[in-house]
Amino acid sequence: MRRKAADVRNQTKAALAVAVIIVLAIGGVFALNQVQGGDKPAAADVSSAIADGAIVREDSRILGEEGASGVTFVEFLDFECEACGAAYPIVEDLREKYAGEVTFVIRYFPLPGHSNSGNAARAVEAAARQGELEAMYSLMYETQKEWGESQESKEDLFRTYAEDLGLDMDQYDADVTSEEVGARVDSDVADGESLGVAGTPTFYVDGELFEPQAVEDFSAVLDEALAE
């Protein structure tokens, strides 16, 4: 019998909190999963990409409701990335603390070294098209240990998540393999590359690259942005 999203969420919250502590204890806040090879864009090109709106697009996916302050917290993420999984409960705490104030944006950035990160991103985007972005986003992280690092396709597993969420499966099946959804993910990746994103998670707060050194830095940077 499949577990429902709420059950998974309750069972994994404590484990995720422990994972964060472990990650923080090992040589820095996040051990980024990085893109191998490739040339970083020049500073002038990055500035141009920022001016062009590459950090947040009009169609970028927002978790929950837009905040009233205009402050944005953006994460380029890979659902198979362990560091992103460790960041997930921190971001969830921020979303609760700053609900109604800060807009939380996710950008898909599946890394080529992760066999199922692209499948996961397409599954989340397909769910988003049926109004279930947040639920599928959460399920990916809360079940990451079950499928992450597998060399076998987990498309069938992700489809069971869609079923558990009560999605229209005909629409999901059409969307998850569609050129439109693939292009949507690729567009986020292209924006990340134009910004010089070299690994996940990569954060931006109000258009500025944010590189936390401690958990407290997350609240501090948002408090500062809200005070301005």
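The values are calculated or read from the model by the stated rules, or taken from the named source; none is laboratory data. Predicted, not measured: the structure shown is a model, and the values here were computed from it. Here Cβ is always computed from backbone atoms with ideal geometry, including for glycine, and neighbour counts include all displayed protein chains. Quick note on the areas: whole protein, heavy atoms, side chains included, nothing else; ligands and nucleic acids left out. Shrake-Rupley method; radii C 1.70, N 1.55, O 1.52, S 1.80 Å.
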Practice task
Would you please classify the overall shape of the stretch 42-81 from the alpha carbon gyration tensor, given that a ≥ b ≥ c denote the square roots of the eigenvalues, rounded means a/c under 1.5, and beyond that prolate means a/b larger than b/c while oblate covers the rest?
Solution key: oblate
Completion exercise
Given a Förster distance of 41 Å, the FRET efficiency implied by the Cβ-Cβ spacing of ASP170 and GLU224, rounded to the nearest 0.05, works out to 0.30
Practice task
Return the loop-located GluC sites (Glu not before Pro) in the stretch 58-130 (DSSP other than H, G, I, E, B) with at most 12 other Cβ atoms within 10 Å of their own Cβ; answer none if there are none.
Solution key: GLU58, GLU65
Problem - Accessible area per residue, Å², the stretch 107-228 with all protein chains present, probe 1.4 Å - result: 44 Å²
Fill in the blank from the handout: With a ≥ b ≥ c from the Cα gyration tensor eigenvalues, square-rooted, and the rule rounded for a/c under 1.5, otherwise prolate when a/b > b/c and oblate otherwise, the stretch 72-228 is prolate
Completion exercise
Honestly the stretch 31-162 on the Cα gyration tensor test (a ≥ b ≥ c root eigenvalues; a/c under 1.5 rounded, otherwise a/b vs b/c for prolate or oblate) is just oblate
Problem - FRET efficiency estimate (nearest 0.05) - Cβ-Cβ, ALA183 to GLU155, R0 25 angstrom - result: 0.85
Exercise for the section: Would you give the gap between the C-alpha center of the stretch 36-89 and the C-alpha center of the stretch 188-213, rounded to a whole Å? Expected result: 5 Å
